[in-house]
Amino acid sequence: MTAMTLRDDPATRLRWALADGWTVARRDLVHWANQPMTVVFGVVFPIVITLAFGYLFGGAVEVPAGADYFAFLMPGMYGMTMLFGLSATMIAVTTDAAKGVTDRFRSMPMAPSAVLIGRAIADLLNSVLVLAGLLVCGLAVGWRPATLTGALGAVGLLLLLRFSLLWMGMYLGLLTKDPGGVVAVQTLEFPIGFLSNAFVAPDTMPGWLGAISEWNPLSSTVAATRELFGNPGWGGDSWVAQHAVPMAVAWPVAITVVFFVLSVRRYQRLDR
């Protein structure tokens, strides 16, 4: 069997793509090791926001079932932190493109998806670190999950959402070469995050806005993690609110499939 035939085999192509992707991921990890303050700031920022929400606004918010505010707040902050990673991925992709790094990778004999897979691996590892820091913060302020198995399931759903947003961020980063596009995405992160059940009950919103909030993928993940963590939540009578856990899986899977395909196609057509 020739080398060309081996590379044409789907299993072999997948193995080469993963191997090349890990090589690219290691390059990003080395950069972070050389610039640790970038990683430190990424861990500290969501902790500062969480403490600000908890201690500045906690007394003014009516928590469901009269529970402790941090028990209600933390799952929402975990979800918001995964959402904030969208612009971080987009910035990394646009920066590599502007510096010519992407063009150099494209000139090498590697799988078209390898650069994107490498970015996804590196950013997901970074997200694990950020989420771990926020979990420690939650434990420090009194938040507690009900069971270990439920907590592991909730963390898995949070990282699944982050993984799907990685591909969305990579596609947007490949799509635009204008720094204004990154600013626009950063500006929209907060409205998209607040247009969910993370901090406000959807049934307190106007009907049409509440429906959008309930069908926000972030709402499904936050509701599912509150359920798995055993923390208080808003509930809801709609179908999507009653099926939060399966929807917290379905939304990220659908987003990943769509934007993985779009990202690879966009990457292959960069020079056109």
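The values are calculated or read from the model by the stated rules, or taken from the named source; none is laboratory data. Values in this document were obtained by computation on a predicted structure and should not be read as measured data. All Cβ positions, even for glycine, are placed from backbone atoms using ideal geometry, and neighbour counts span all protein chains on display. Only protein heavy atoms, including side chains, enter the accessible area calculation; ligands, DNA and RNA are left aside. Shrake-Rupley method; radii C 1.70, N 1.55, O 1.52, S 1.80 Å.
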Checklist entry - residue 187 to residue 265: extension gain in nm, 0.36 nm per residue of separation minus the Cα-Cα distance? => result 25.4 nm
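Give the Kirkwood hydrodynamic radius (Å, one decimal) of the range 110-162, defined as one over the mean of 1/r across all pairs of different Cα atoms.
Numbers: mean 1/r = 0.0787 Å⁻¹.
Kirkwood hydrodynamic radius for the range 110-162: 12.7 Å.
Beyond 19 Å, how much of the Cα-Cα pair distribution for the range 40-105 remains, as a whole percent?
Values: 1067 of 2145 pairs.
Summing the P(r) of the range 40-105 above 19 Å gives 50 percent of all pairs.
Of the trypsin sites (Lys or Arg not before Pro) in the range 12-108, which ones lie in a loop per DSSP and count no more than 12 other C-beta atoms within 10 Å? Show your work: numbers first, answer last.
Values: sites: 13, 15, 26, 27, 99, 104, 106; in loops: 99.
For trypsin sites (Lys or Arg not before Pro) across the range 12-108 that sit outside H, G, I, E and B with at most 12 neighbouring Cβ atoms in 10 Å, the list reads 99.
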Next on the checklist: If you roll a 1.4 angstrom probe over the protein chains with everything in place, what fraction of the accessible area of the chain belongs to carbon and sulfur, to the nearest %?
Outcome noted: 69
Next on the checklist: Can you give me the distance in nm between label points at residue 38 and residue 55, each placed 7 Å from the Cα along the Cα-to-Cβ direction?
Outcome noted: 3.0
Item to check | Principal semi-axes in Å for the range 155-272 [√(5λ), Cα gyration tensor, largest first] | outcome: 29, 17, 11
Checklist entry - Once label points are set 7 Å from the Cα along Cα→Cβ at both residue 22 and residue 152, what is their separation, rounded to one decimal in nm? => result 2.3
Next on the checklist: From the P(r) of the chain, could you give the percentage of C-alpha pairs in the tail past 29 Å?
Outcome noted: 36
Next on the checklist: If the only charges are +1 at each Lys and Arg Cβ and -1 at each Asp and Glu Cβ, what is the size of the charge dipole of the chain around the Cα centre, to the nearest 20 debye?
Outcome noted: 1000
Next on the checklist: Over the Cα atoms, compute the radius of gyration (one decimal) and Dmax (the largest Cα-Cα distance, rounded to a whole number) for the range 117-224, in Å.
Outcome noted: 16.0, 46
Item to check | Principal semi-axes in Å for the range 186-230 [√(5λ), Cα gyration tensor, largest first] | outcome: 17, 14, 8
